[in-house]
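Working notes, structure below.
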Amino acid sequence: VSGKITYCGHEFHEFIPQRTSAYISQHDLHHGEMTVRETLDFSGRCLGVGTRYELLAELSRREKQAGIKPDPEIDAFMKATAMAGQKTSLGTDYVLKILGMDICSDIMVGDDMRRGISGGQKKRVTTGEMLVGPAKALFMDEISTGLDSSTTFQIVKFMKQMVHIMDVTMIISLLQPAPETYDLFDDIILLSEGKIVYQGPRENVLEFFESVGFKCPERKGVADFLQEVTSKKDQQQYWCRKDEPYRHISVPEFVEHFNSFHIGQKIDDELRVPYDNSKTHPAALVKERYGISNWELFKACFAREWLLMKRNSFVYIFKTTQITIMSVIAFTVFFRTKMKAGQIDNGVKFYGALFFSLINVMFNGMAELALTIFRLPVFFKQRDFMFYPAWAFALPIWVLRIPLSLLESGIWIILTYYTIGFAPGASRFFRQFLAFFGIHQMALSLFRFIAAVGRTQVVANTLGTFTLLVVFVLGGFVVAKG
């Protein structure tokens, strides 16, 4: 097949498809430590408000020209919804209300370790995350997986309201929807064997199959009928032409029949006329890669990182306590190590003390491995949806770990340096402090790197233990030179 595909008369390279449309997968990937509102706020902050700001500016200009004084409350509301990069936004509240999630907006999303919101609510968070952005076309992949039919009905009902209020397009694939859920849709696309059998208003679908010779029994759900009528096995029971013998109608025959059916012809006529792209509204397709400026992106990711650190504070408190206990053990083992000047015999003790310190400071960074792996799936999802570039995710993590490195290296060196009896000069003390700080930073980055390369707990842990081994062997202490 050759040719070119255009959207509103524009080709793929003229806009950013990832931000004009949004794919909502059946897997819910979220940070369990964030509440529902925080998750949506972050998403809304990164995705920006699209062209709402420009539209508002244009509206104000026309109001001035016509001498209209807008109602102050409506004016304030519109200005509030058009501001990009806000920590909390009215858009989020609106989406929470529409999805019926204002009751659980301040509850943690939850994960394997934390109790959080229910499965149905998680599904709605996944959807809401994309709805707060400027995307105008939403593709939802089996969003009813793991939900009961009443929850599915509620969600689709909310979606229908959104489509009609906000003028967006939604294509939703569902697994065996209940009849009342099916009745909420405006249009149906029926696919079979990779071909489109029917595409058009829901009201006309039964009429189309009756024109071919198949009738849906009165007590049968239409969705189930549509699934069975194109299959070779189940077709015969629906044959309704009593005067003709039944014969199997294949998918290509259905397609051919649809092209001559009045709905099919209407679609054909519409598509024959090339779309005049001067008619396109400038806001229909998103042209910028990211919703907000680089500095705003950094601030948004920094705020989220700080929040996640506070929620995971137990890990960091535990690590700091651990290094304090280890440093107490270290200085009691090597307490006031004396080395006679000019003799090497006792130097091994200092070697041992330094090596023990090095290993402890370094492998205190191992916690970074698990933390990073937990967060990778969410990162990949959000990066691919153009929430933020990779550097905006990685930089805040590095910046926020600097005080942690200073604290942990500081605790170790203050407790061990003079008690072990290293050279008493202040300059030496600070040099060792700097070395430990550097090693701790290197260790954190190393484990983050290993986590990013491994991507799964098992692979990353294997690689992490291997690095441990390499450091032991090449640390110059295990295999001492004669």
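The values are calculated or read from the model by the stated rules, or taken from the named source; none is laboratory data. The structure displayed is predicted, hence computed values, not measured ones. Reconstructed Cβ throughout: ideal geometry from the backbone, glycine too, with neighbour counts over all protein chains shown. In case anyone asks, the SASA skips ligands and DNA or RNA and just uses the protein heavy atoms, side chains included. Shrake-Rupley method; radii C 1.70, N 1.55, O 1.52, S 1.80 Å.
Once backbone amide H atoms are built at 1.01 Å from N, S192 has V197 as its partners under 5 Å, excluding neighbours fewer than 5 places away on the same chain.
Sorted from greatest to least, the principal axis extents spanned by the alpha carbons of the chain come out as 113, 68, 47 Å.
Between rounded, prolate and oblate, where does region 317-372 land on the alpha carbon gyration tensor, with a ≥ b ≥ c its root eigenvalues, rounded for a/c under 1.5, else prolate if a/b exceeds b/c? Each step should come with its number before you reach the end.
Values: a/c = 5.84, a/b = 2.33, b/c = 2.51.
Oblate shape, in that a/c is at least 1.5 and b/c is the bigger or equal ratio.
Helix 52-66 against the longest principal axis of the chain: what's the angle in degrees, Cα atoms only, rounded to the nearest 10? Helix 52-66 sits at roughly 60 degrees to that axis. Shape summary: region 161-263 maps onto an equivalent ellipsoid whose semi-axes, from the alpha-carbon gyration tensor, are 26, 15, 12 Å in decreasing order. By the Cα gyration tensor, region 6-284 has an equivalent ellipsoid whose semi-axes, rounded to whole angstrom, run 40, 26, 16 from largest to smallest.
Hand me the trypsin sites (Lys or Arg not before Pro) from region 286-362 located in a DSSP loop with no more than 16 other Cβ atoms within 10 Å, in residue order please.
Numbers: sites: K287, R289, K299, R304, K310, R311, K319, R336, K338, K340, K349; in loops: K287, R289, R336, K338, K340.
Answer by residue number: K287, R289, R336, K338, K340.
For D268, the accessible surface of its heavy atoms amounts to roughly 70 Å² (probe 1.4 Å, protein chains only, rounded to the nearest 10).
Among the listed pairs K97/K287; K4/K266; K69/K287; K287/K381, those with a Cα-Cα distance over 27 Å are K97/K287; K69/K287. Report the percentage of all Cα-Cα pairs in region 294-474 whose separation exceeds 26 Å, rounded to a whole percent. Value for region 294-474: 39 percent of Cα pairs lie more than 26 Å apart.
Just to confirm the number: angle between the C-alpha axis of helix 457-474 and the first principal axis of the chain, 0 to 90 degrees, nearest 10? Orientation of helix 457-474: about 20 degrees from the principal axis.
Per residue, the chain exposes 56 Å² of solvent-accessible protein surface, assessed with a 1.4 angstrom probe and all protein chains in place. Amide H contacts of D187 (H built 1.01 Å from N, in plane; Pro and chain starts excluded): R202 sit under 5 Å, all sequence-distant by 5 or more or on other chains.
In order along region 166-176, the phi-based Karplus estimate (6.51 cos²θ - 1.76 cosθ + 1.60, θ = phi - 60°) of 3J(HN,Hα) comes to 9, 6, 10, 10, 10, 10, 10, 9, 10, 8, 5 Hz; Gly and Pro are listed as x.
Using DSSP to define loop residues, name the trypsin sites (Lys or Arg not before Pro) in region 65-165 whose beta-carbon has at most 11 other beta-carbon atoms within 10 Å. Intermediate values should be presented prior to the final figure.
Values: sites: K79, K87, K97, R114, R115, K122, K123, R124, K136, K157, K160; in loops: K87, R114, R115, K136.
Passing both the DSSP loop test and the Cβ count: R114, R115.
Secondary-structure-derived ellipticity at 222 nm for the chain, considering helices only, amounts to -18500 deg cm²/dmol, per-run term -39500 (n - 2.57) for DSSP H runs with n ≥ 4. For M140, the residues whose modelled amide H falls within less than 5 Å of its own, excluding neighbours fewer than 5 places apart on the same chain, are I24, I171, I172, S173.
All distinct Cα pairs of region 400-446 go into the 1/r average, and the inverse of that average, the Kirkwood radius, is 11.0 Å. Couplings for region 388-397, taken from phi via the Karplus curve 6.51 cos²θ - 1.76 cosθ + 1.60 with θ = phi - 60°, read 7, x, 4, 5, 5, 7, 7, 4, x, 4 Hz in order; Gly and Pro are left as x. Against the empirical 2.2 N^0.38 Å (N residues), region 405-482 has a Cα radius of gyration ratio of 1.37.
Computed log10 I(q)/I(0) for region 255-344 at 0.17, 0.18 Å⁻¹: -0.95, -1.00, from the Debye equation with unit scatterers placed on every C-alpha and solvent omitted. Before anything else, pin down the relative contact order of the chain: Cα pairs under 8 Å, at least 6 apart, normalised by residue count, whole percent. Once divided by the residue count of the chain, the mean separation gives 17 percent. Exposed loop sites here mean GluC sites (Glu not before Pro) with a DSSP loop assignment and at most 12 other beta-carbon atoms within 10 Å; the chain contains its longest site-free run at 219-482.
A probe of 1.4 angstrom, applied to the heavy atoms of all protein chains, finds M108 with accessible area near 60 square angstrom. Per-residue SASA remark: Y182, around 20 Å² accessible (1.4 Å probe; ligands, DNA and RNA not included). Pull out a ≥ b ≥ c, the square roots of the eigenvalues of the alpha-carbon gyration tensor of region 58-190, then state rounded if a/c is under 1.5, prolate if not and a/b is larger than b/c, and oblate in the remaining case. Taking the square roots of the gyration eigenvalues as a ≥ b ≥ c, region 58-190 is oblate.
Taking the C-alpha atoms only, the angle from helix 72-81 to the longest principal axis of the chain is near 70 degrees.
When the Cα positions of M162, I103, G128 are compared along the charge dipole of region 40-171, M162 comes out farthest toward the positive end, with charges on each C-beta of Lys, Arg, Asp and Glu.
Please go through region 256-325 and write out the chymotrypsin sites (Phe, Trp or Tyr not before Pro) that DSSP classes as loop and that have at most 16 other C-beta atoms within 10 Å. Answer in residue order: Y275.
With only alpha-carbon atoms in the gyration tensor, what are the semi-axes of the equivalent ellipsoid for region 236-287, in Å, largest first?
Numbers: eigenvalues 330, 29, 16 Å².
Equivalent ellipsoid of region 236-287: 41, 12, 9 Å, largest first.
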